[in-house]
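Student: Just passing along the structure, written as structure tokens.
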Amino acid sequence: MANGTIAFDTLSTSGQISGTAVSVDTDYLAYGSAKVWCDLDGTGTIALDNSLNCASATDNGTGNYTIAYTNNMGNANYSLVGTGMNRAVVVIISRAAGNTNFYTQDHNDGTNEKDSDPTCLQIMGELA
């Protein structure tokens with residue numbers, strides 16, 4: 001059996017979406033929406049409380065985490081925005097197509113890594 005291609009410019013619904021939205025432009029799906037996001041509990045036993053396209057979370061030490069993606073990004077040149085609870089900021093250590101490594105620290109004290117719950121990330125870019 002051969003695989004085919006489906007091409008379209010707009011997705012439409014028959015009304016199951018609540019509110020006023022009834023269609024989504026495919027450019028928005030491809031370029032304008034987050035490809036990865038997560039709500040991470042970085043205290044105690046690390047856990048993904050909620051996520052999209054996150055395969056796993058690894059605790060590398062106090063305030064230091066790696067998130068692996070279920071579906072890789074197209075490359076390591078994507079945008080990552082993050083924040084944490086109680087004045088925690090997210091600092092990127094490294095980005096790869098399949099994961100990102102980062103730490104959280106107190107924004108008033110840029111030297112101390114700290115655990116944070118929640119730590120939230122949103123990643124924009126192209127999927128592989």
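Student: Net charge around ASP39, counting only other residues with Cβ within less than 11 Å of its Cβ (Lys, Arg = +1; Asp, Glu = -1)?
Tutor: -3
Student: When the chain is fully extended, how far beyond the present Cα-Cα distance does ASN112 get from THR58, taking 0.36 nm per residue of separation?
Tutor: Additional length available on full extension: 17.5 nm.
Student: In a solvent-free Debye calculation with one equal scatterer on each Cα, what is log10 I(q)/I(0) for region 24-124 at q = 0.24 Å⁻¹, listed in the order of the q values?
Tutor: Debye intensities relative to I(0), on a log10 scale: -1.27.
Student: Give, as a single signed number, the net charge of other residues whose beta carbon lies under 15 Å from the beta carbon of ASN72, with Lys and Arg counted +1 and Asp and Glu -1.
Tutor: After counting each charged neighbour, the total is +1.
No lab work stands behind these numbers, since they all come straight from the coordinates. This is a predicted model, so every value here is computed, not measured. Ideal geometry is used to build each Cβ from the backbone, glycine not excepted, and the neighbour counts take in all protein chains shown.
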